[in-house]
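Worksheet for the structure shown next.
The values are calculated or read from the model by the stated rules, or taken from the named source; none is laboratory data. Model, not experiment: these values are computed from the prediction. Cβ atoms come from the backbone with ideal geometry, glycine included; neighbour counts cover every protein chain shown.
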Amino acid sequence: MRNIPVAEVDNLDRAVLAIGTDYPQDHLLVWHEHRRAQVLYAATGVMRVETADGSWTIPTARAVLIPPMARHQVTMTGVSTRSLYVEPAAVPWFPARCQAVDVSALLRTLIVEAVGMEPRYPEHSRDAAVADLILHELRNLTPLPLDVPLPSDPGLRGLCEAFLRKPNIHDPPARWCAALNISERTLARLFRRDTGLSFSQWRQRACVLHSLRHLATGTPVTRIATMLGYDNPAAYTAAFGRLLGRPPTAYGRPGITGGRRTTPR
């Protein structure tokens, strides 16, 4: 199925539904949720998925698992998606919080194949076998550190959200402490309690993941390093490699596709 709202087929008695959707450049899918579990795969472009407790940046050929009824919004940069909508009972192991994942070549092929299937595929058919194999493959996905957790403290969360809009690797903790009227020890405690990361770890992860969108649109590494405040491109490249295990060039500009459909999925 291509470019149709999931609501039109949500009640079909099939465990797996697959929909491909093309989006305009820099499109925003406003806050919404789905009854089914969703595997949101970026066939092209970069997606930023936001929920109440974090932000996930998903580059081309990766996916994010979105739990049933998890309220979220998605910012699309040159994105064409392939979504699997799965009955919750078919994936009892599904995470309770969004999870970025790598996608194997086999699963990628199965997802593309599923998009071309009739939504009410016959039981015991080849298409039903594809759906069953998808469910098996979903259990073997490799998690990726593509999320920036957000704290529950309202004041600290506001500063974090502002930082995500314009990150700088040298933004000092003293500035945050002054804004919140707290000590650096308290700031460190809040970050550990609410995000599981130190302030410097959170800051570096936010900078690296912010850069994925710029890499996808062809921005040179040197310019990205300067934009994020790194002392030189080598420092940015090293930080990128430590987090994602590959150099920034591995996440360079993919093919961009456009689209007409703008209805939230």
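Out of Pro149, Pro173, I need the residue that is more than 18 Å from the chain's Cα centre (by Cα) and modelled with pLDDT of 95 or more. Which one? Lay out the reasoning, then the answer.
On the way: Pro149 fails: more than 18 Å from the chain's Cα centre (by Cα).
None of the others qualify; the one that does is Pro173.
Run down Leu107, Leu133 and say which single residue is in a helix (DSSP H, G or I), under 27 Å from Phe240 (Cα atoms) and out of contact with any Lys or Arg (no Cβ under 9 Å at 6 or more places or on another chain).
Working: Leu133 fails: under 27 Å from Phe240 (Cα atoms).
Sole residue among the options that is in a helix (DSSP H, G or I), under 27 Å from Phe240 (Cα atoms) and out of contact with any Lys or Arg (no Cβ under 9 Å at 6 or more places or on another chain): Leu107.
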From the set of residues in region 15-26 that are surrounded by fewer than 20 Cβ atoms within 10 Å (Cβ to Cβ) and either modelled with pLDDT under 95 or of a type in the set (Ser, Thr, Tyr) (or both), which is nearest to Val101 (Cα to Cα)? Asp22
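May I ask you to list the residues in region 37-73 that are in a strand (DSSP E or B) and closer than 15 Å to Gly20 by Cβ? Can you show your working first?
Step one: list which residues in region 37-73 are in a strand (DSSP E or B), which gives 37-51, 54-58, 62-66, 72-73.
Within region 37-73, Gln38, Val39, Leu40, Tyr41, Ala42, Ala43, Thr44, Gly45, Met47, Ala63 qualify.
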How many residues are crowded, with 21+ Cβ neighbours inside 10 Å and farther than 22 Å from Ile4 by Cβ when one looks only at region 67-90? 1
Checking Val30 against (1) among the aliphatic types (A, V, I, L, M); (2) in a strand (DSSP E or B); (3) within 22 Å of Trp202 (Cα to Cα): exactly one of these is not met. Which one? (3)
Restricting the search to region 38-60, which residues are surrounded by fewer than 23 Cβ atoms within 10 Å (Cβ to Cβ) and farther than 24 Å from Pro167 by Cβ? Ala43, Thr44
Answer with yes or no whether Ala96 is aliphatic (A, V, I, L, M), not assigned by TED's automatic domain parsing to the domain that holds Leu215 and not in a helix (DSSP H, G or I). yes
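Might you check whether a residue that is outside the structural domain of Thr77 (by TED's automatic domain parsing), part of a loop (DSSP other than H, G, I, E, B), farther than 20 Å from Pro59 by Cβ and at pLDDT 95 or above occurs anywhere in region 233-244? Spell out the reasoning first.
So the first thing to find is which residues in region 233-244 are outside the structural domain of Thr77 (by TED's automatic domain parsing), and the list is 233-244.
Okay, now just the ones that are also part of a loop (DSSP other than H, G, I, E, B), so none.
Within region 233-244 (the criterion being outside the structural domain of Thr77 (by TED's automatic domain parsing), part of a loop (DSSP other than H, G, I, E, B), farther than 20 Å from Pro59 by Cβ and at pLDDT 95 or above), the answer is no, since none of the residues qualifies.
Looking at the structure I just gave you, is Thr222 among the β-branched types (Val, Ile, Thr), in the same structural domain as Ile169 (by TED's automatic domain parsing) and more than 22 Å from the chain's Cα centre (by Cα)? Talk me through it step by step, then tell me what you get.
Working: among the β-branched types (Val, Ile, Thr): yes; in the same structural domain as Ile169 (by TED's automatic domain parsing): yes; more than 22 Å from the chain's Cα centre (by Cα): yes.
So Thr222 fits the description; yes.
Residues checked against (1) under 17 Å from the mean Cα position of the chain (by Cα); (2) closer than 29 Å to Thr195 by Cα; (3) not assigned by TED's automatic domain parsing to the domain that holds Thr217:
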| position | (1), (2), (3) |
| --- | --- |
| Thr21 | yes, no, yes |
| Thr44 | yes, no, yes |
| Ser55 | yes, yes, yes |
| Gly78 | yes, no, yes |
| Glu87 | no, no, yes |
| Leu107 | no, no, yes |
Residue tally, condition crowded, with 16+ Cβ neighbours inside 10 Å and either under 30 Å from the mean Cα position of the chain (by Cα) or outside the structural domain of Trp202 (by TED's automatic domain parsing) (or both), over region 178-187: 2
Does Ala174 satisfy being surrounded by 12 or more Cβ atoms within 10 Å (Cβ to Cβ), of a type outside the set (Val, Ile, Thr) and either at positive phi or not assigned by TED's automatic domain parsing to the domain that holds Thr77 (or both)? no
Helices (runs of 4 or more DSSP H) contained in region 140-224 and holding at least 3 residues over 22 Å from Pro247 (Cβ atoms): 154-165, 173-180, 184-195
